[in-house]
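The values are calculated or read from the model by the stated rules, or taken from the named source; none is laboratory data. Everything numeric here is computed off the predicted structure, so don't read it as measured data. Counting neighbours? That spans all protein chains shown, and the Cβs are built from the backbone with ideal geometry, glycine included.
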Amino acid sequence: MAAVTCAVLLTATASACLPELAGAGAGPSPSAAAPDPFAGRDPAAVLRAAYEETERAATRTAVVSRRIGEREITAQLTFEGDGGCWGEVRVERSGTGEILVDDAKVSLRGDAGFLQDQFRNQPFKSPDTADGWIDMKPGDPAVSHLVALCADGSPARTFPAERTGLRREPDTRLNGRPVAVLVSKGPGGVEITDHVSLDGRPYLVRHAETGPEGRNVTYGSLP
């Protein structure tokens with residue numbers, strides 16, 4: 001029943017909640033000429049503050065793109081609480097589905113291509129609801145890649161414990177907003193680029209990693 005309720009909410013609110021992925025605005029905002037709010041600050045302190053500010057938001061939206069094995073996945077997700085998320089998931093060259101993830105279960109449904117990709121290594125599971133939702137345990141290996149998408153959208157979980165060479169590059173604009181660009185290396189030499197808002201609260205606008213399972217998370221404006 002919870003899955004059905006969330007699905008209705010997803011359908012009603014998806015267009016309003018998703019991050020702005022359009023190009024930069026037509027012209028500079030008044031804040032573009034404002035004093036640098038991070039002037040003289042340690043880049044590590046700026047970055048940690050941005051992660052914490054984003055994590056504290058009661059609700060946040062993000063577009064998560066990543067490779068998991070041979071899967072290339074793009075998900076438009078809404079996050080609430082600790083670890084919970086819901087939204088649309090597109091698996092390249094396979095299909096599109098919806099997911100609802102929390103600590104108790106993972107619910108999913110989708111088109112034939114999405115389900116075929118989902119159950120590639122095991123028999124199809126029959127829907128648990130009349131409108132096609134399938135419920136599975138979060139610890140089931142078959143849904144580990146879906147659970148990982150929610151983890152990707154949690155700044156507290158994606159902030160690497162080991163950062164080296166952290167430095168601030170020239171500022172830029174992202175989705176029409178002025179941002180500070182912070183570049184570093186994570187465990188294993190993974191290249192990491194974080195964009196932090198220079199306008200208003202210092203929240204994380206984008207987190208990107210290179211590597212075999214590179215990921216890119218673009219956050220919508222915080223409420």
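Below, the figures for the structure above:
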quantity: Any chance Thr210 is of a type in the set (Ser, Thr, Tyr) and either surrounded by fewer than 18 Cβ atoms within 10 Å (Cβ to Cβ) or more than 23 Å from Leu77 (Cα to Cα) (or both); calculated: yes
quantity: Cβ pairs under 9 Å, 6+ apart, first in the range 121-136 and basic (Lys, Arg), second surrounded by 10 or more Cβ atoms within 10 Å (Cβ to Cβ) and part of a loop (DSSP other than H, G, I, E, B); calculated: Lys125/Phe119
quantity: Near pairs, Cβ below 8 angstrom, 6+ apart or cross-chain, from the range 201-223 (at negative phi and part of a loop (DSSP other than H, G, I, E, B)) to any residue that is surrounded by 15 or more Cβ atoms within 10 Å (Cβ to Cβ) and among the polar types (S, T, N, Q); calculated: Tyr203/Thr54; Tyr203/Ser197; Gly220/Thr61; Leu222/Thr54
quantity: Residues of the range 184-200 that turn out to be surrounded by 15 or more Cβ atoms within 10 Å (Cβ to Cβ) and within 19 Å of the chain's Cα centre (by Cα), as a count; calculated: 8
quantity: Number of positions in the range 54-77 that are among the basic types (Lys, Arg), under 14 Å from Val91 (Cα atoms) and surrounded by fewer than 17 Cβ atoms within 10 Å (Cβ to Cβ); calculated: 2
quantity: Residue that is farthest from Leu100 (Cα to Cα) [pool: residues in the range 32-77 that are in a loop (DSSP other than H, G, I, E, B) and within 17 Å of the chain's Cα centre (by Cα)]; calculated: Ala57
quantity: Which numbered condition Ile192 misses (of (1) in a strand (DSSP E or B); (2) aliphatic (A, V, I, L, M); (3) in contact (Cβ under 8 Å) with a residue 40 or more places away in the chain); calculated: (3)
quantity: Only listed residue being within 19 Å of Ala44 (Cα to Cα) and in contact with a helix residue (DSSP H, G or I) (Cβ under 6 Å, 6 or more places away or on another chain), chosen from Arg163, Arg168; calculated: Arg168
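One line per residue, one yes/no per condition, for (1) more than 29 Å from Ala208 (Cβ to Cβ); (2) in contact with a helix residue (DSSP H, G or I) (Cβ under 9 Å, 6 or more places away or on another chain); (3) at pLDDT below 95:
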residue: Arg71; (1), (2), (3): no, yes, yes
residue: Gly87; (1), (2), (3): no, yes, no
residue: Gly97; (1), (2), (3): no, yes, no
residue: Pro127; (1), (2), (3): yes, no, yes
residue: Ile134; (1), (2), (3): yes, yes, no
residue: Pro141; (1), (2), (3): no, no, yes
residue: Ser144; (1), (2), (3): no, no, yes
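Every residue, every condition in (1) farther than 21 Å from Ala45 by Cα; (2) of a type outside the set (D, E, K, R); (3) touching a strand residue (DSSP E or B) at 6+ places or on another chain (Cβ under 9 Å), yes or no:
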| site | (1), (2), (3) |
| --- | --- |
| Cys150 | yes, yes, yes |
| Asn175 | yes, yes, yes |
| Glu191 | no, no, yes |
| Tyr203 | no, yes, yes |
| Arg206 | no, no, yes |
